[in-house]
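The values are calculated or read from the model by the stated rules, or taken from the named source; none is laboratory data. None of these values were measured; they are calculated from a predicted model. Note: ideal-geometry Cβ built from the backbone for every residue, glycine included; neighbour counts use all protein chains shown. Calculation scope for accessible area: heavy atoms of the full protein, side chains included, ligands and nucleic acids excluded. Shrake-Rupley method; radii C 1.70, N 1.55, O 1.52, S 1.80 Å.
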Amino acid sequence: MLNMAHSFVGFCLFFALLFGHGVVELEASHHVYKNLQTDQSTASANQPYRTGYHFQPPKNWINDPNGPMVYKGLYHLFYQYNPKGAVWGNIVWAHSTSKDLVNWTPHDPAIYPSQPSDINGCWSGSATILPGGKPAILYTGIDPQDKQVQNLAMPKNLSDPYLREWIKSSKNPLMQPTAQNQINASSFRDPTTAWLGPDKKWRLIIGSKIHRQGLAILYKSEDFVHWIQAQSPLHSAKDTGMWECPDFFPVSVRGQNGVDTSVNGPFVKHVLKVSLDDTKHEYYTLGSYDTVKDIYTPDKGSVESDSGLRYDYGKFYASKTFFDTAKHRRILWGWINESSSVHDDVKKGWAGVQAIPRKLWLSKSGKQLVQWPIVEIQKLRSNHLRLPSKLLKGGSEIEVSGVTAAQADVDISFKVTDFEKAEVLKPSWTNPQLLCSQQGASVKGGLGPFGLLVLASEGLKENTAVFFRIFKGQNKYVVLMCSDQSRSSLNEDNDKTTYGAFLDVDPEHQYLSLRSLIDHSIVESFGGGGKACITARVYPTLAINNAAHLYVFNNGSEAVKIAELNAWSMKKAKLNLKD
Amino acid sequence: MANMIPLVILQAAISFSFLPGSYSASNLIETTCKQTPFFDLCVSSLQSDPRSSNADVAGLAHIAADNVNVKATANLQQITGLLGGATDPELQKALQGCVDKYNAIIQADIPVAIEAILKGNPKFAVSRATDAANEAQSCEKGFANPPKSPISDSNKVVNQLSLVLQSIASLLL
């Protein structure tokens, strides 16, 4: 009799929870499952947009990369994942490991709602390697009142190299909005990797805002469990809106090696990166970190807004770096969401991919960061095609055949010798994205546009153009790099926004290099050896698989010389397939 | 007579306590709706929901999302009805496309937008509202004319209500 009463109460509580969350009404949730199940059975039959070598799970929604780290020589990536569908929701920390950052083995979700402090969601966070090599994860949980709070999880078994199971602290939440601290409960998330100060105390920052002022709230701790809010934020900026996924780390002033997150001194500069909720762009500044006052000061001239320096001028968000102790590099992960409509995402049964991990370092000039795909990705290269040096006349294109154009790695460098026909850069042309939109690949120019036509259909009805235009600036030549998606697909439901960036390269004295990683529905392009990066998502209807082509083109009046062209087919990586 | 005075005072107190409350609520609705592209539609659709008198901006966003859902659900019923009686293959194709798109609005866009608003991750509400507006527009464009769209007005309402939601959710970023 008592058992029946208990199960009845349990039954009622379950429904109360389901309705109480206001997430989805029971009736509607039946529809969601029914439709998504039907869609998933057709999804496997025709999947022209799945990647060959970009990280993604077999199906469903993913967003932010979480807690990237290396432990006992094995790389870990966790990520925001919906186990139930192709849209954001039911978020857990999915988990994969890799020996080489290229081929990935999936494990069961590491963190999922199980305590009051994360019962309504396990959102983003970071890993810190504690003294002795012990990893700790701090992440944002959504509590029963839908408040954003911060929680700690540690590995259950340190002798499991895969670190499959994690135990949450019974003291969670360790940091939360209160009436005293006046922190906005809907704007308090994404704890960073912590760093040690000279006083041996831990510090980390959490993204927040006060009205429109973006904020990096600083916390300090002696034992990694008891955290005390610092008097001042590490940094803030007016009118930028919410700061999501902050990242704060040092970079060496010399060379390409990374340094541990706790390092400070004359041989490093500090980087503060934030993701802006408002524009879905990220920006970073370079500056110095005063460990006594715990204040970060960007260098003079740093732009603190959406017009500042970005890791990537296309689709790239919620990024996070970690220090790879195995190979002494700082590695950057970034989430690339879909540019397709939601009904297309539901039909194909998945949404979101991760960028290829990039090595990150300070440029020789010290004025910006440089990125380059990790060298391990080159093990997928095959069918090496090398084109001899050649003059590319204005108004011409050359097909690059012999590689799988839908799944390729292309690296080309141009040499410009004649600058006569370079158009003058108008002083009002300060927005590179706008400039590229107004002057796409089909707009003939003086010196440019020249570059690559990727995921192109025969006859070029569909193509994605990644190219340069050179303008005459005040004292020097200015290079504009564009990724033009306007003709990428005949499907009008896609977002075909064009992206652009100014590239800090002197075309009079340097070669203009462009590398594109092409992978079915993603094109990651690197200009000037990684000084400007642009990532785009495209969904051609004709230029898929064997029907995709690759061209080098020049739609300017002036000829340019192709100094070197290397292209490879890329083999498929092992992406989260269960053995 | 003396007994009535406390009653009168009580009544006055009640009236006065209501007055400032409703004034500031409609003020918030107006200032919020001024930041959307469809002021009149925004005001009327928010005010018709009794929750709006006590809502903050996040609450108004939630109501706006519910408004999209109600109209989209009604549209889907209309579309399914038309599909049942359609014989022209072009019309059937367009209507079937609309079924997919309205399913996306109702089952994917709106639930995600509401969860995002409740939990404080407004960028997902903004992007899903944008998608909902696009889905309604895409449904409309699916009618090649011929055949002419039998649901132009309904698509327009859902599109506009979605853009209202997009603007209100943007205020939370």
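Pairing each residue of segment A:350-379 that is free of Cβ contacts under 8 Å to residues at least 40 places away in the same chain and more than 21 Å from residue A:272 (Cα to Cα) with any residue that is open to solvent by less than 10 Å² (accessible area, probe 1.4 Å) and assigned to a strand (DSSP E or B), provided the two are 6+ apart or on different chains, yields C-beta distances under 9 Å for A:378/A:409. Among the candidates A:279, A:285, the residue that is closer than 28 Å to residue A:535 by Cβ, of a type in the set (Ser, Thr, Tyr) and either within 14 Å of chain B (Cβ to nearest Cβ) or not in a strand (DSSP E or B) (or both) is uniquely A:279. Considering each residue of segment A:99-113 in turn, at least one proves to be in a loop (DSSP other than H, G, I, E, B), under 27 Å from the mean Cα position of the chain (by Cα) and within 14 Å of chain B (Cβ to nearest Cβ).
Scanning segment B:152-173 for residues that are within 14 Å of another protein chain (Cβ to nearest Cβ) and among the small types (Gly, Ala, Ser) yields B:162, B:167, B:169, B:170.
For segment A:544-579, filtered to residues that are farther than 16 Å from residue A:353 by Cβ and charged (D, E, K, R), the residue that is surrounded by the fewest Cβ atoms within 10 Å (Cβ to Cβ) is A:579.
Taking segment A:511-557 as the range and being in a loop (DSSP other than H, G, I, E, B), of a type in the set (A, V, I, L, M, F, W, C) and in contact with a strand residue (DSSP E or B) (Cβ under 7 Å, 6 or more places away or on another chain) as the test, the residues that pass are A:538, A:543, A:548. A Cβ distance below 6 Å, combined with a sequence gap of six or more or placement on separate chains, defines the contacts here; from segment A:205-220, residues that are under 19 Å from residue A:291 (Cβ atoms) reach residues that are open to solvent by 20 Å² or more (accessible area, probe 1.4 Å) and in a strand (DSSP E or B) in the pairs A:216/A:235; A:219/A:227; A:219/A:229; A:220/A:228. Scanning segment A:267-300 for residues that are within 30 Å of residue B:169 (Cβ to Cβ) and charged (D, E, K, R) yields A:273, A:277, A:278, A:280, A:282. If you check A:498, A:535, A:541 for being among the hydroxyl-bearing types (Ser, Thr, Tyr) and open to solvent by 30 Å² or more (accessible area, probe 1.4 Å), only one passes: A:541. Restricted to helices (runs of 4 or more DSSP H) entirely inside segment B:79-151, those with at least 1 residues that are more than 16 Å from the chain's Cα centre (by Cα), small (Gly, Ala, Ser) and within 7 Å of chain A (Cβ to nearest Cβ) are B:122-141. Each residue in segment B:95-106 was checked for being within 14 Å of residue A:345 (Cα to Cα) and either of a type in the set (Lys, Arg) or surrounded by fewer than 24 Cβ atoms within 10 Å (Cβ to Cβ) (or both), and 3 pass.
Return the residues of segment A:146-175 that are open to solvent by 70 Å² or more (accessible area, probe 1.4 Å) and either in contact with a Leu (Cβ under 6 Å, 6 or more places away or on another chain) or touching a residue at least 24 places away in the same chain (Cβ under 8 Å) (or both); say none if nothing qualifies.
The answer is A:162, A:164, A:165, A:171.
Inclusion of residue A:508 among residues that are part of a strand (DSSP E or B), modelled with pLDDT of 95 or more and charged (D, E, K, R) is not warranted. Of all residues being charged (D, E, K, R) and over 25 Å from residue B:127 (Cβ atoms) in segment B:139-173, which is most open to solvent (accessible area, probe 1.4 Å)? Just the residue, please. It comes out as B:148.
Scanning segment B:21-49 for residues that are under 14 Å from the mean Cα position of the chain (by Cα), open to solvent by 30 Å² or more (accessible area, probe 1.4 Å) and within 22 Å of residue B:110 (Cβ to Cβ) returns B:37, B:38, B:41, B:44, B:47, B:48.
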